[in-house]
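The block underneath contains the structure these notes are about, expressed in structure tokens.
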Amino acid sequence: MRPDPRTALFEAERPRLLRLAYRMLGSLAEAEDVVQSAWLRWRAVDPEGVAVPAAFLSRVVTRLCLDAMKSARARRETYVGAWLPEPLVDMAEAEPVEGEDLTLTLMMALERLSPLERAAFLLHDVFGVPLAEVAATLDRDAAAIRQLAVRARRHVRADRPRYPVPREEGERIVHAFFAASRSGDVAALRSLLSAEVEIRSDGGGRVIAFLNPILGVERALRLFAGLARKHADEPAAFLRAVRVDGLPGFVSRERGGVLQVTALAVEDGRITGVYITRNPDKLGHVADALGLDPPS
């Protein structure tokens, strides 16, 4: 049976649409829902009347995301503790593709933008959509879109990594950090952490996590030394080194069997950010990729 051309076209666009929706929403599950809704809308139109299907689908997904962001922002106002984007984990060496140069730290910076600023920045600066097409998508004139993109760039400029960390160097830092943090080796940790290191932990109220960010190397050293003493009888298990939204990171099994994904922001060889996702609602796809039981 020959494949339906309409279905084939949509499936060819699905990976790009999913990346766009994920970057807009910070949630892979919500992005998948948006793309599925876009598919239903695509089925309802006459493809002969769509001049550029890729542009049409981008417009549909962007507008669905803007609608979804209203409820998502309301939910985050009542979120327990720190909120981190759902970790997009790369398990293998791969060539970067469109939209994958956004790191987790930059994704967090995008949270400070208005929905329209975020959409303009992602479409124009990240996905390379022409300004006129972005204007049509957001139902604004080109001058307004240009201003939105300028404001967005100004907000996120400081959070763009100056130099990507090579994969081998990232894995070296990841293994060194895991060993030092779990053993409470203060000297080794001091050599790895930036003086202004920031630690955020997202448990979503489902599992134990730090409610507030831990800021500064001295507080970080006390934290890891204390945790190592407290949990010496139940050591964590390192499962795999991964890339987490472009950052070096790892998947581990922590005390109580909690699945955890940790991403490390690195500048000039020092760790400037430790971003820990423990909320089981955000780790189902990681468990699937590693062949583990679903987190609970």
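Nothing in this text is a laboratory measurement; each read-out follows from the coordinates by a stated rule. All figures in this text were calculated on a predicted structure; none of them were measured in a lab. Don't worry about glycine lacking a Cβ; one is built from the backbone with ideal geometry, like all the others, and counts go over all protein chains shown.
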message = Compute a Gaussian network model of the chain, connecting alpha carbons closer than 10 Å, and tell me which residue from SER71, SER194, SER27 fluctuates the most.
response = SER71
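When the helix-only estimate is applied to the chain (DSSP H runs of n ≥ 4, each -39,500 (n - 2.57), divided by the residue count), what is the mean residue ellipticity at 222 nm, nearest 500 deg cm²/dmol? It would help to have the intermediate numbers written out before the result.
Details: 11 runs with 143 residues, N = 296.
After summing the helix terms and dividing by the residues of the chain, the value is -15500 deg cm²/dmol.
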key: Dimensions (Å) - the stretch 128-220, Cα atoms, principal axes, largest first   = 56, 34, 22
note = Quarter of the surface of the C-alpha convex hull for the chain, i.e. direction-averaged projected area in nm², equals 16.9 nm²
request  = Take the alpha carbon atoms of the stretch 1-50, find their center, do the same for the stretch 204-218, and report the distance between the two centers in whole angstrom.
outcome  = 37 Å
note = Note on the stretch 167-290: contact order normalised by length, alpha-carbon pairs under 8 Å, 6 or more apart, percent, works out to 27 percent
note = Here, GluC sites (Glu not before Pro) of the stretch 182-249 satisfying both criteria (DSSP loop; at most 11 other Cβ within 10 Å) are none
query = Relative contact order for the chain using alpha-carbon pairs under 8 Å, separation at least 6, rounded to a whole percent?
reply = 18 percent
note = Among the DSSP H helices of the chain, those whose Cα atoms extend at least 30 Å along the helix axis and whose mean Kyte-Doolittle hydropathy is -1.0 or higher are 53-77
inquiry  = For q values of 0.12, 0.17, 0.18, 0.26 Å⁻¹, compute log₁₀ I(q)/I(0) with the Debye formula on a Cα-only model of the stretch 1-78, without solvent.
reply    = -0.35, -0.64, -0.70, -1.23
inquiry  = Please check: in the Gaussian network model of the chain (C-alpha springs, under 10 Å), which one of ASP90, ASP245, ASP233 has the largest mean-square fluctuation.
reply    = ASP233
task = Return an integer: the convex hull volume of the alpha-carbon atoms of the stretch 167-290, in Å³ per residue.
result = 97 Å³
